[in-house]
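For reference, the structure is listed below as structure tokens.
The values are calculated or read from the model by the stated rules, or taken from the named source; none is laboratory data. Being a predicted model, the structure only gives us computed values, none of them experimental. Heads up, the Cβs are rebuilt from the backbone with ideal geometry, glycines too, and the neighbour counts pull from every protein chain shown.
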Amino acid sequence: MLFADAAGGRPQFGDGIHNLVKELYPQASLQKIPLTDPLITGHFGGGISIASVHYRKFTLQEYGVKNVPQLLGVKQNHRWVIVFSPWDVTSGLLGTNTWGIAGYAPQSAQAIARNVMLYALAHKP
């Protein structure tokens, strides 16, 4: 599984990930991961619900996002093989609250990363 985020929340990275998806899976495209999907609900070993998340104050002020995760992915053989967050996860994993980063608050970023990694382990090919 490939897990990628737009570090800093910069939209330019999204263009690159869309191009990579076309290269790796010519017949596929990134699709929104539904809030009912096990990746979000945490219905697998060690998973937790990430159906409600918190964004950084900067993200809320600048973009007015809500409290739901925005994850995109490519599904092959009934499992996600690519998961992409157009919002920053990486800085949240560091536990920082740097102004100007468009993404998830640290606790939510850590929960998202946890689910992605445990999902990948639970859904090995």
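Pro38 meets the conditions (1) surrounded by 12 or more Cβ atoms within 10 Å (Cβ to Cβ); (2) in contact with a Leu (Cβ under 7 Å, 6 or more places away or on another chain); (3) modelled with pLDDT of 95 or more in every case but one. The failed one is (2). Restricting attention to segment 82-101, does a residue exist that is assigned to a helix (DSSP H, G or I), among the hydroxyl-bearing types (Ser, Thr, Tyr), surrounded by 15 or more Cβ atoms within 10 Å (Cβ to Cβ) and in contact (Cβ under 8 Å) with a residue 60 or more places away in the chain? Scanning segment 82-101 turns up at least one residue that is assigned to a helix (DSSP H, G or I), among the hydroxyl-bearing types (Ser, Thr, Tyr), surrounded by 15 or more Cβ atoms within 10 Å (Cβ to Cβ) and in contact (Cβ under 8 Å) with a residue 60 or more places away in the chain. Scanning segment 21-35 for residues that are touching a strand residue (DSSP E or B) at 6+ places or on another chain (Cβ under 9 Å), part of a helix (DSSP H, G or I) and loosely packed, with under 15 Cβ neighbours inside 10 Å turns up just one, Leu24.
Which residue, of Ile17, Ile48, is touching a residue at least 60 places away in the same chain (Cβ under 8 Å) and out of contact with any strand residue (DSSP E or B) (no Cβ under 8 Å at 6 or more places or on another chain)?
Details: Ile17 fails: out of contact with any strand residue (DSSP E or B) (no Cβ under 8 Å at 6 or more places or on another chain).
Going through Ile17, Ile48 in turn, just one is touching a residue at least 60 places away in the same chain (Cβ under 8 Å) and out of contact with any strand residue (DSSP E or B) (no Cβ under 8 Å at 6 or more places or on another chain): Ile48.
Per this entry, Val65 is not counted among residues that are in a loop (DSSP other than H, G, I, E, B), buried (at least 19 other Cβ atoms within 10 Å of the Cβ) and either among the charged types (D, E, K, R) or touching a Ser or Thr at 6+ places or on another chain (Cβ under 7 Å) (or both).
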